[in-house]
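The values are calculated or read from the model by the stated rules, or taken from the named source; none is laboratory data. For clarity, every value in this text was computed on a predicted model and none was experimentally measured. When we count neighbours, we look across all protein chains shown, and the Cβ atoms used for this are built from the backbone with ideal geometry, even at glycine. Just the protein is used for accessible areas: all its heavy atoms, side chains included, with ligands, DNA and RNA removed. Shrake-Rupley method; radii C 1.70, N 1.55, O 1.52, S 1.80 Å.
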Amino acid sequence: MRSTQLDGGTMAGTMKRQKRGIPEGLWQRCPGCQETIYWKTALENMSCCPECNFHFYVSAVDRIAQVLDGGTFEEWDHDLSPTDPLNFKDRKKYSERLIAEQKRTGLKDAAITGCGMIRARRVAFGLTDSAFIMGSMGSVVGERLTRLVERAIEQQLPLIIISGSGGGARMHEGILSLMQMAKVSAALARYDEAGGLFISVLTNPTMGGVAASFASLGDVIFAEPRALIGFAGPRTIKATIRIELPKGFQTSEFLLEHGYIDRIVTRDKLKSEIARTIDYCGK
Ligand SMILES: [Zn+2]
């Protein structure tokens, strides 16, 4: 299995590069419609553009508030912290990068897991946040998600994972990072054998090893509109195969048309759609 550290955050098609993290300032240029929008109005609209419904980045913490019933989230494995087993260094030491990312995002690593209620249905719930080293899948992300799946089996819970990952495997952890794809996928196979329902929700961006493992293994796969979803980024593919890529390549809409995802769900409908799917599947 091969994975790539990708330059996530590149918007599909003609859209401009979106700044990661919460946009600052009162006014914000929308990459979807190029209008200048009042940021407070977008925030009140679940961080979606009031003009064209472009879905801006939301942090894992905000996402929990959007999807779960208020005050029901209980975090699991909060104490799992990343280490630097390879003493990796690029522009800066990985150990220092981790501390800087933790301070900047308030997260310990790129995934949060736990349980909570969605319209009074108890679920096992996990998210990756693209703000933390591009949402790449290090050992802690893999371990948290694996434990989440295992608890979902034990407690017979529907499993919801919302992915936002510009990176694939986390190169700073080398092979230890690559192993996580197989580990989470194996846990999901056991969950499937146990008859569980896994709803995978893809948000902008879902790339690399995350897309190549758990994010694509949902029984039902939802995606937010106009999300970039793929393995290697369009620029990398274009440079490799040297042909013009089809219009809308690697967007939610393109992937829905080609049968890779089941439904595009706007952010305001996500909670209801998940609840409805759980009921429909009788879980
Ligand atoms: Zn817009």
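Consider only pairs whose beta carbons are under 6 Å apart and that are at least six residues apart or on different chains; among these, list those whose first residue lies in region 94-123 and is of a type in the set (A, V, I, L, M, F, W, C) and whose second residue is open to solvent by 40 Å² or more (accessible area, probe 1.4 Å) and at pLDDT 95 or above.
Cβ pairs passing all conditions: CYS115/GLU74.
Looking at the structure I just gave you, is ASP77 within 21 Å of ALA131 (Cα to Cα), in contact (Cβ under 8 Å) with a residue 12 or more places away in the chain and acidic (Asp, Glu)?
On the way: within 21 Å of ALA131 (Cα to Cα): yes; in contact (Cβ under 8 Å) with a residue 12 or more places away in the chain: yes; acidic (Asp, Glu): yes.
Taking the combined requirement at face value, the residue satisfies it.
Of the conditions (1) hydrophobic (A, V, I, L, M, F, W, C); (2) surrounded by 19 or more Cβ atoms within 10 Å (Cβ to Cβ); (3) in a helix (DSSP H, G or I), ILE199 fails just one. Which one is it?
(3)
From the list GLU51, GLU74, GLU96, pick out the single residue that is within 16 Å of the ligand (Cβ to nearest atom), open to solvent by 60 Å² or more (accessible area, probe 1.4 Å) and modelled with pLDDT of 95 or more. Break it down into steps so the answer makes sense when it comes.
Numbers: GLU74 fails: within 16 Å of the ligand (Cβ to nearest atom); GLU96 fails: within 16 Å of the ligand (Cβ to nearest atom).
Of GLU51, GLU74, GLU96, the one residue that is within 16 Å of the ligand (Cβ to nearest atom), open to solvent by 60 Å² or more (accessible area, probe 1.4 Å) and modelled with pLDDT of 95 or more is GLU51.
A quick yes/no check of all residues on (1) within 30 Å of GLY195 (Cβ to Cβ); (2) open to solvent by less than 20 Å² (accessible area, probe 1.4 Å); (3) free of Cβ contacts under 8 Å to residues at least 12 places away in the same chain; (4) within 15 Å of the chain's Cα centre (by Cα):
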residue: GLU224; (1), (2), (3), (4): yes, yes, no, yes
residue: GLU244; (1), (2), (3), (4): no, no, yes, no
residue: LYS247; (1), (2), (3), (4): no, no, no, no
residue: LEU270; (1), (2), (3), (4): yes, yes, no, yes
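So, in region 133-166, of the ones that are part of a helix (DSSP H, G or I) and polar (S, T, N, Q), which residue ends up nearest to GLY196 (Cα to Cα)? Working first, answer last.
Within region 133-166, the subset part of a helix (DSSP H, G or I) is 133-135, 139-154.
Those still in the list that are polar (S, T, N, Q) too: 139, 146.
Values: SER139: 24, THR146: 14 Å.
Looking at the filtered set, the residue picked out is THR146.
The rows are residues; the columns are (1) more than 17 Å from ILE162 (Cβ to Cβ); (2) open to solvent by 30 Å² or more (accessible area, probe 1.4 Å); (3) assigned to a helix (DSSP H, G or I).
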residue: PRO82; (1), (2), (3): yes, no, no
residue: ASN87; (1), (2), (3): yes, yes, no
residue: ARG91; (1), (2), (3): yes, yes, no
residue: ARG104; (1), (2), (3): yes, yes, yes
residue: ASP109; (1), (2), (3): no, no, no
residue: CYS115; (1), (2), (3): no, no, no
residue: ALA131; (1), (2), (3): no, no, no
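State yes or no: is GLY230 touching a Ser or Thr at 6+ places or on another chain (Cβ under 7 Å), crowded, with 21+ Cβ neighbours inside 10 Å and either over 22 Å from SER130 (Cβ atoms) or of a type outside the set (Ser, Thr, Tyr) (or both)?
Working: touching a Ser or Thr at 6+ places or on another chain (Cβ under 7 Å): no; crowded, with 21+ Cβ neighbours inside 10 Å: yes; either over 22 Å from SER130 (Cβ atoms) or of a type outside the set (Ser, Thr, Tyr) (or both): yes.
Spelling it out, it is not the case that GLY230 is touching a Ser or Thr at 6+ places or on another chain (Cβ under 7 Å), crowded, with 21+ Cβ neighbours inside 10 Å and either over 22 Å from SER130 (Cβ atoms) or of a type outside the set (Ser, Thr, Tyr) (or both).
With respect to the numbered conditions (1) more than 11 Å from the ligand (Cβ to nearest atom); (2) crowded, with 18+ Cβ neighbours inside 10 Å, which one is the sole condition not fulfilled by GLY32?
Condition (1) is where GLY32 drops out.
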